[in-house]
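In what follows, a single structure is set out as structure tokens and then discussed.
The values are calculated or read from the model by the stated rules, or taken from the named source; none is laboratory data. As the structure is a computational prediction, the values presented were derived from the model and not from experiment. Don't worry about glycine lacking a Cβ; one is built from the backbone with ideal geometry, like all the others, and counts go over all protein chains shown.
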Amino acid sequence: MTDVVIPYTPRPIWRDEIHKALDLYRFAVMACHRRFGKTVGSLNGMLRKAILNTKRAPQYAYVAPFRNQAKRVAWEYLKYYTSTIPGRKVNESELYVELLTLYPNTPGARIYIIGADHPDALRGMYLDGVILDEYADMKPELWGSVIRPALADRGGWAWFIGTPKGQNAFYEMYLHALKSDDWFACLYRGTETGILSESELEDMRSQMTDAEFRQEILCDFTASATNIVIPIDLVTDAIKRELRGSDVLGLPTVIGVDVARFGDDRTVITTRQGLWAKDIRTYTGLDTMEVAGCVIGAINEFNPAAVFVDSGAMGAGVIDRLHQLSYRQVQEVNFGERAGDADRYANIRAEMYFKARDWLKSGGAIPDNSALANELTVVEYKFNNSGKIQLESKEKLKERTGRSPDVADSFVLTFARPVCLASDYFDEAPAAVYDPLAGM
């Protein structure tokens, strides 16, 4: 076999993460910020697969919303990166590149540049692989009626790439990938990848609207939505903040515990002190006694003034066990119970999430935990018939996103009720030292 060197140097995030994942999964959905390099990276991933394909006459397609757009965005790239391949042919009129021929009297692997505005160009084709770039701007039926059948007989793969543009077909495909074990899903924000400098990000933020920046740079599918409790920029800013023990000295520590309800749910223990959410621990497959043991470990380590445990399902058993062992700071919280501000919120769950939002606005710092970031930024709310704020149910949220918001629920549980220092909680001290943020 002839060695072929493609003039492509992948960015570290492509080299270390994405290209490796694309070798493992047949289907992938990648939500990427502007200037991430998704076209170059995905085209070179396709080119590598085309070169290594030993089937007879492989066919691939890069598809953009419009043919002119596809030609402008990808055609020159494709010609450049295939220029070092011996025997490669270029068809300018039909926009395809043909690679090495492995079989006599048979075309080599072909990579086509196609616009979704001309779907007939794809009908009748078989495909070994396809890239759907900016899928949000394509008609959803293109996938089901044209492309997916074209992949069937040869076991072809598909990569959906783009920048979020609201909750549309691309968003639905992203959610589907999150829920499917055999799909790869990733989301890369401009504030996290290091591709754009801090000065460039700040300049863009100053010249773009808030919604534009959240959509194009923060990859916020909800940028245009008005019913999201916690916008992604609040979470991103909180991840960047760094606090130390001296910054929260004297403030009470609070622990929130969300206990797994079903087999694929997680038990999560979050510890917060003042403006610092300092520790998140996630467990799976534990029984009631084991969860109680994990909570005791956190209590012994952090000496909290209060431990708020979701009493739903297995949580009640955990609470009973901890009370049996005389952990008096443990309090049960039923997400459906009456809110402290019952005139504004339908229940305490809604109140806790909005307290968490206010805490983030006031300068709260959270760990760089992708599960927490993703779960906090998808919770929706509405006003019920009584004019009170009510959140989307946990069950509906899990159905929509493919996961239970266990990490987010554990975090917001730390805002369940006002908290004082443990020494004042049980002794006969004349006054309590209250956490001014806990009541937000």
Legend entry - Filter result (surrounded by 19 or more Cβ atoms within 10 Å (Cβ to Cβ) and more than 27 Å from TYR188 (Cβ to Cβ)) within the stretch 348-359: ILE348, ARG349, ALA350, GLU351, MET352, PHE354, LYS355
Legend entry - Matching option when the condition is modelled with pLDDT of 95 or more, surrounded by 15 or more Cβ atoms within 10 Å (Cβ to Cβ) and under 20 Å from GLN215 (Cα atoms), among ILE131, ILE161: ILE161
Legend entry - Top-ranked residue of the stretch 169-223 - restricted to ones that are under 14 Å from the mean Cα position of the chain (by Cα) and of a type in the set (Asp, Glu), ranked as nearest to LEU234 (Cα to Cα): ASP220
Legend entry - The lone exception for ARG154 - which of (1) within 26 Å of TRP14 (Cα to Cα); (2) part of a loop (DSSP other than H, G, I, E, B); (3) not small (Gly, Ala, Ser) it fails: (1)
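Residue-wise test of (1) without any contact (Cβ under 8 Å) to a residue 60 or more places away in the chain; (2) crowded, with 19+ Cβ neighbours inside 10 Å; (3) within 14 Å of VAL5 (Cα to Cα).
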position: MET46; (1), (2), (3): no, yes, no
position: ALA61; (1), (2), (3): no, yes, no
position: ALA64; (1), (2), (3): no, yes, no
position: ASN68; (1), (2), (3): yes, no, no
position: LEU78; (1), (2), (3): yes, yes, no
position: LYS89; (1), (2), (3): yes, no, no
position: LEU95; (1), (2), (3): yes, yes, no
position: LEU100; (1), (2), (3): no, no, yes
position: TYR103; (1), (2), (3): yes, no, no
Inset, instruction - Would you mind stating whether ALA50 is within 22 Å of LYS79 (Cα to Cα) and among the aliphatic types (A, V, I, L, M)? - result: yes
Inset, instruction - State the number of residues belonging to the stretch 360-396 that are under 14 Å from the mean Cα position of the chain (by Cα), surrounded by 15 or more Cβ atoms within 10 Å (Cβ to Cβ) and either basic (Lys, Arg) or not in a loop (DSSP other than H, G, I, E, B) (or both). - result: 6
Inset, instruction - Select the strands (runs of 3 or more DSSP E) contained entirely in the stretch 212-328, then report the ones holding at least 1 residues which are among the aliphatic types (A, V, I, L, M), surrounded by fewer than 18 Cβ atoms within 10 Å (Cβ to Cβ) and not assigned by TED's automatic domain parsing to the domain that holds LEU376. - result: none
Legend entry - Total residues in the stretch 300-329, condition closer than 23 Å to CYS420 by Cβ and under 32 Å from the mean Cα position of the chain (by Cα): 10
Legend entry - LEU421 crowded, with 16+ Cβ neighbours inside 10 Å and at pLDDT below 70: yes
Legend entry - Count of the stretch 160-198 residues which are more than 23 Å from ALA223 (Cβ to Cβ) and either without any contact (Cβ under 8 Å) to a residue 40 or more places away in the chain or touching a Ser or Thr at 6+ places or on another chain (Cβ under 7 Å) (or both): 1
Inset, instruction - Might you check whether a residue that is touching a Leu at 6+ places or on another chain (Cβ under 9 Å), among the hydrophobic types (A, V, I, L, M, F, W, C) and touching a residue at least 24 places away in the same chain (Cβ under 8 Å) occurs anywhere in the stretch 379-386? - result: yes
Legend entry - Every residue from the stretch 205-219 that is among the hydrophobic types (A, V, I, L, M, F, W, C) and in contact (Cβ under 8 Å) with a residue 12 or more places away in the chain: ALA211, PHE213, ILE217, LEU218, CYS219
